[in-house]
Amino acid sequence: MDKFRKVVLDNGIRIVTEKIPYVKSVSLGLWVNAGSRNENEKESGISHFIEHMFFKGTSRRSAKDIAITMDSIGGELNAFTSREATTYYSKVLDTHLREAVGLLSDIFLNSLFDEREIEKEKQVILEEIKMVEDTPDDYIHDLYTHIVWPKHSLGRSILGNLDTVAKFKRKGFINYLDKNYCPKNIVIAVAGNFDFKRLISLLDKNFGKLERPETINFSSTPEIKGGIFVKKKKLEQIHICLGTRGLSHVDKDRYGLYALNTMLGSSMSSRLFQEIREKRGLVYSIYSYIASFRDTGLFTVYAGTSHSSVLEVIRLILREFRGMKEKKTSPSELNKALEHMKGSLMLSLESTSSRMSKIAKDEIYFNRYISYEEIIRNVNKVTAKQVQRIANEIFDRKALTLTAIGDLSKNDIDEDILRC
């Protein structure tokens, strides 16, 4: 039986919890419904920079004190920025929940944004951007997203760029916080072993006094720009992303797309891996993945290969796209994919961190809790006919985008290669 409960504090902060009485840990996450998508062009990278600054000192603790406090209780304290959210989280033994809440609330509410720390962290992030740009199998994904959505905030790098990051000042951070970190935009998710009444009292005491006016700061839905883009760079391999439109987080067909992704390229038994790596030996790494957002999404295949093999790899990927469109999946292949999906879900139940993330996303995207039984029912409803229909809808030549980094030019790739 699910032990999910939800409370809304007087200031509007939503608290979602899942009690897991048989574990000894608690995972606690502060989810702010604002990420790089909420930035204007001059703010590109500011959400990620703010995430860094929350660990650089408060009115009560130095950056070193923050690290020592968490290390002294054997817990984990970290954060990450995505395109639609910024998350600050901690995982501790259940006996240390009070300390974790106190530390998270301190960095969340009392960070100083000291100008000297900003300048130091600016150099760290500039090096992080350079590191990604020097790592082609990472950089290709940012480049691809920018090519797909060239004039939209969803298409910009979460890290920002060298120009915008270099210009950030304390005033800009404070303005961004005031605009986006309001209580109505915050979800606190907790999963693990805890006493519910004590937890709510503790969270209310630490976060209940936060007051900022509600703002609406959502960008429009972007249009996909298809075509071919090549960034010439002297490398041993050619790195490619070949993709098309996907589905939003809330699309009714999302489980069918998960199944399509599982069969096509998300596992070692998938069609792409077996055909292009195992059978032909043309790549070391090849996989497909889904990126979903509140109103749109992308479906993408990544591969790294040699200059002499890149055209063959592209053609083989497109051949698998056509195969998904033209022929229904066999019952055995579909069943294997669905069992893989259910197995992955059930294994995630063993992690309080995964369960904390799930209930937070349920609240952010659906405004309700989705039980594991409901997920299994929806997975079991996926049919071969549905998967084939989705393939025909998304593998549309007009939406196909090929992005490549390596020692080649656009002239090396015939425009007609994207015929699918």
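The values are calculated or read from the model by the stated rules, or taken from the named source; none is laboratory data. Just so we're clear, the structure is a prediction, and the values are computed from it rather than from any experiment. All Cβ positions, even for glycine, are placed from backbone atoms using ideal geometry, and neighbour counts span all protein chains on display. Side chains included, ligands, DNA and RNA excluded: accessible areas come from the protein's heavy atoms. Shrake-Rupley method; radii C 1.70, N 1.55, O 1.52, S 1.80 Å.
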Across (1) at positive phi; (2) open to solvent by 10 Å² or more (accessible area, probe 1.4 Å), Phe113 clears everything bar (2)
Can you say whether Leu408 is modelled with pLDDT under 95, touching a strand residue (DSSP E or B) at 6+ places or on another chain (Cβ under 9 Å) and outside any helix (DSSP H, G or I), as far as the supplied structure shows? yes
What are the residues in region 148-163 that are over 17 Å from the mean Cα position of the chain (by Cα) and either open to solvent by 50 Å² or more (accessible area, probe 1.4 Å) or without any contact (Cβ under 8 Å) to a residue 60 or more places away in the chain (or both), if any? Pro150, Lys151, Asn161, Leu162, Asp163
Given the conditions (1) among the acidic types (Asp, Glu); (2) surrounded by 15 or more Cβ atoms within 10 Å (Cβ to Cβ); (3) touching a residue at least 12 places away in the same chain (Cβ under 8 Å), which single one is not true for Asp407? (2)
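At pLDDT below 95, farther than 19 Å from Ser288 by Cα and within 20 Å of the chain's Cα centre (by Cα): which single residue out of Ser348, Ser354 fits that description?
So the residue among Ser348, Ser354 that is at pLDDT below 95, farther than 19 Å from Ser288 by Cα and within 20 Å of the chain's Cα centre (by Cα) is Ser348.
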Being within 27 Å of the chain's Cα centre (by Cα), without any contact (Cβ under 8 Å) to a residue 60 or more places away in the chain and surrounded by 20 or more Cβ atoms within 10 Å (Cβ to Cβ) narrows it down to one of Ile286, Ile290, so name that one. Ile286
Identity of the residue in region 34-77, open to solvent by less than 70 Å² (accessible area, probe 1.4 Å) and part of a strand (DSSP E or B), that ends up nearest to Phe173 (Cα to Cα): Thr58
Looking across region 83-93 at residues that are of a type outside the set (A, V, I, L, M) and open to solvent by 40 Å² or more (accessible area, probe 1.4 Å), the single one that is nearest to the chain's Cα centre (by Cα) is Tyr89
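Table: residues versus (1) assigned to a loop (DSSP other than H, G, I, E, B); (2) in contact (Cβ under 8 Å) with a residue 60 or more places away in the chain; (3) in contact with a strand residue (DSSP E or B) (Cβ under 6 Å, 6 or more places away or on another chain); (4) farther than 21 Å from Ile394 by Cα.
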position: Asp295; (1), (2), (3), (4): yes, yes, no, no
position: Tyr302; (1), (2), (3), (4): no, yes, yes, no
position: Glu312; (1), (2), (3), (4): no, no, no, yes
position: Glu320; (1), (2), (3), (4): no, no, no, no
position: Lys342; (1), (2), (3), (4): no, no, no, yes
position: Tyr365; (1), (2), (3), (4): no, yes, no, yes
position: Ile376; (1), (2), (3), (4): no, no, no, yes
Residue among Lys197, Lys205 that alone is over 17 Å from Leu109 (Cα atoms), assigned to a helix (DSSP H, G or I) and open to solvent by 10 Å² or more (accessible area, probe 1.4 Å): Lys197
It is to be established whether one or more residues within region 234-249 are modelled with pLDDT of 95 or more, surrounded by 18 or more Cβ atoms within 10 Å (Cβ to Cβ) and assigned to a helix (DSSP H, G or I). no
Restricted to region 318-359, and to residues that are more than 30 Å from Leu30 (Cβ to Cβ) and small (Gly, Ala, Ser), which residue is surrounded by the most Cβ atoms within 10 Å (Cβ to Cβ)? Ala337
Out of Tyr287, Tyr255, report the one residue that is closer than 19 Å to Lys358 by Cα and modelled with pLDDT of 95 or more. Tyr255
How many residues does region 262-283 contain that are open to solvent by 10 Å² or more (accessible area, probe 1.4 Å) and either within 17 Å of Asp137 (Cα to Cα) or touching a strand residue (DSSP E or B) at 6+ places or on another chain (Cβ under 8 Å) (or both)? 5
Quick one: Arg116 ticks every box in (1) part of a helix (DSSP H, G or I); (2) among the basic types (Lys, Arg); (3) closer than 28 Å to Asp295 by Cα bar one, so which box is it? (3)
Is it the case that some residue within region 388-395 is under 25 Å from Asp138 (Cα atoms) and at pLDDT 95 or above? yes
Scanning for something within 27 Å of Ser270 (Cα to Cα) and at pLDDT 95 or above, does region 359-371 turn up at least one residue? no
